[in-house]
1. At least 3 residues that are loosely packed, with under 11 Cβ neighbours inside 10 Å and touching a Ser or Thr at 6+ places or on another chain (Cβ under 6 Å) in each: list the strands (runs of 3 or more DSSP E) lying fully within segment 1-108 that qualify.
2. Can you report the number of residues in segment 8-35 which are more than 26 Å from residue 61 (Cβ to Cβ) and at pLDDT below 85?
3. Report, ordered by the first and then the second residue, all pairs with beta carbons closer than 8 Å, sequence separation of six or more or different chains, a first member in segment 69-85 that is free of Cβ contacts under 8 Å to residues at least 24 places away in the same chain and closer than 22 Å to residue 30 by Cβ, and a second member that is aliphatic (A, V, I, L, M) and surrounded by 10 or more Cβ atoms within 10 Å (Cβ to Cβ).
4. Let me spell it out: the conditions are (1) in contact with a strand residue (DSSP E or B) (Cβ under 8 Å, 6 or more places away or on another chain); (2) free of Cβ contacts under 8 Å to residues at least 12 places away in the same chain, and residue 21 meets all of them except one. Which number is the exception?
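The values are calculated or read from the model by the stated rules, or taken from the named source; none is laboratory data. Small disclaimer: the values here were computed from a predicted structure and weren't measured. We place every Cβ from the backbone using ideal geometry, glycine too, and count neighbours over all the protein chains shown.
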Amino acid sequence: MLKQIDEIDAKSARVVRRAAEFFASRVKRDSPWDFGDYRRSIGVEDVTGINGTAAFTVGTNKEQGPTLEFGDQGVDRLGRRRNHRPQPHFGPNEKHFHSQLEIEMDKAFDW
């Protein structure tokens, strides 16, 4: 019985990882182009906790991430005016993660 539970846990982790990687590829494809540094920074990280539930995060470690996604207007501390339009690339691709998760679950568990 424990072996079956371990197999289900492993399959579940693969399913979630594959869906997260698919989501990351869609986000990279739609991200603004800037010599590739920002695009290359978008990745998948395993954040599985001590309880063992499979969890992955898709994101970037670049400071410009929120500004690119949501835009930015106003004046900075040096008095320069900012007017960056939003260029959403994470939000619009969220639906692809959920559909890919269902596809991967169907494949892994023969549903």
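1. Ranges flagged: none.
2. Total satisfying the criteria: 2.
3. Qualifying pairs under 8 Å: 84/68.
4. (2)
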